[in-house]
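Report on the following structure.
No value in this document is a laboratory result; all are computed from the given coordinates. No experiment lies behind these values; they were computed from the predicted model shown. Virtual Cβ from ideal backbone geometry, glycine too; neighbours counted across all protein chains shown.
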Amino acid sequence: MRVRVLGSAAGGAFPQWNCGCNNCVLARAKDPRVVPRTQDGLAFESESRWLLVNASPDVLRQIEATSELHPRALRDTPIAAIVLTNGDLDHVLGLFSLRESQPLVVYATDRVMSGLMERNAIASTLRRFPGQLTHRRLVIGEPCAVPELGDLTITAFASPGKLPVHLMRAFDPHDEDNVGLRISGGGTTATCATAVRDVRAILPHLEPSDVLFLDGTFWSSDELGTQKIGTARAEDMAHHPIGGEGGSITALASASRLGRKILTHINNTNPILREDSPERAWALRMGWEIAHDGMEVRL
């Protein structure tokens, strides 16, 4: 099994189109200290077939930047399936870019699929012909075989967060709204938890892992406030900040069975995006890697 990072930024990408923070200004100036990123997404390969973790609004750009995902015939895709961790627009809008008469297999909890298909008028574009979209149900705590990719299995675990903004009036919160994933195959396991309100609450699900992709959205709780961008704290947005004494890096410092540890889903305001920042240097010293688009992990 191998993993390709398709996108490593949080929603809005980096630089974000309407943001003039210091990081985004540097990115637009092509400063070598920062590297632009598309929105969060991973791709897992097994037996020359690929499983996408989420489908961001940047998915077409990500496919074009990844030769292994290109068609191999007149009408073809090596993408065998897509798994959704939640119903956030940053993770599902890309599905509507993959509608070109192409059957799609989507693994998701019933809650996520209900919010996507039943409360969404434009979802009919994914139902234009029988079998265009096939839902395979993820049940929390139950391994789910992915026959499209050999011996690959997905086990979802609850990662309490918040409902997507567009569904807050439609649903009450539920464990199935936001999940982490343990993806196993060939005797190895990768864990993906890229939307995490409290990393301590999900620690039992993170170990053992050969590689962990963890929510690296914000460095500090007050990151938006100190940069005069907004008033919401990281926790208000269901993200555990990574820095400081209460951060996720410190909380996981004693976890000994995590293998490679990679921060992804990085917000445009996060100082770890700058290669010369003390925050990035500290994260690296603590044994973490910073994801970038095109990064590859072989397991």
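GNM on the chain, C-alpha springs below 10 Å: top fluctuator among VAL105, VAL25, VAL146?
Residue with maximal mean-square fluctuation among VAL105, VAL25, VAL146: VAL25.
Tell me, what ³J(HN,Hα) does each residue in the range 225-240 have, in order and in whole Hz, if you take phi through Karplus 6.51 cos²θ - 1.76 cosθ + 1.60 with θ = phi - 60° and put x for Gly and Pro?
Going residue by residue, I get x, 5, 9, 6, 9, x, 10, 5, 8, 3, 5, 4, 9, 6, 10, 7 Hz, with x marking Gly and Pro.
Take ASP198 and ARG75, extend 7 Å from each Cα along the Cα→Cβ direction, and tell me the distance between the two endpoints in nm.
About 5.1 nm, to one decimal.
With a 10 Å cut-off between alpha carbons and a GNM built on the chain, which of THR109, THR189, THR77 moves the most?
Looking only at THR109, THR189, THR77, the biggest GNM fluctuation is shown by THR77.
Contact order normalised by length for the chain, with contacts defined as Cα pairs under 8 Å and 6 or more residues apart; what percent is it?
20 percent
Please compute the length gained on full extension between GLN132 and LYS228, using 0.36 nm multiplied by the number of residues separating them and subtracting their Cα-Cα distance.
Extra length from GLN132 to LYS228 when fully extended: 30.1 nm.
How big is the chain on each of its three principal axes, counting only the C-alpha atoms and giving the largest first in Å?
52, 41, 40
Let me have the 222 nm mean residue ellipticity of the chain computed from DSSP H runs of 4+ only, each contributing -39500 (n - 2.57), with the sum over all residues rounded to the nearest 500. Write out the running numbers ahead of the final one.
Numbers: 8 runs with 49 residues, N = 299.
For the chain, the value works out to -4000 deg cm²/dmol.
Give me, ordered by chain and number, the residues 5 or more places off LEU133 or on other chains with an amide H under 5 Å from its own placed amide H.
The list, which skips near neighbours in sequence, is LEU104.
Please work out the Cα center distance from the range 7-55 to the range 205-234, rounded to the nearest Å.
Going from one Cα centre to the other spans 15 Å.
Could you give the length gained on full extension between ASN120 and GLN102, defined as 0.36 nm per residue of separation minus the Cα-Cα distance, in nm?
Values: separation 18, 0.36 × 18 = 6.48 nm, distance 2.00 nm.
Between ASN120 and GLN102, full extension yields 4.5 nm more.
Would you mind putting 256-264, 37-45 in packing order, based on average other-beta-carbon counts within 10 Å, highest first?
Details: 256-264: 18.1, 37-45: 25.9.
Put in order of decreasing packing, that is 37-45, 256-264.
What shape does the range 90-242 have by the C-alpha gyration tensor, where a ≥ b ≥ c are the square roots of the eigenvalues, rounded means a/c under 1.5, and otherwise prolate means a/b greater than b/c and oblate the rest? List each step's numbers first, then the result.
Details: a/c = 2.05, a/b = 1.23, b/c = 1.68.
Oblate is the answer for the range 90-242, as a/c is 1.5 or above yet b/c matches or exceeds a/b.
Which of ASN268, ASN18, ASN86 ends up with the largest GNM mean-square fluctuation for the chain, with Cα atoms connected below 10 Å?
Of the options given, ASN18 has the highest mean-square fluctuation.
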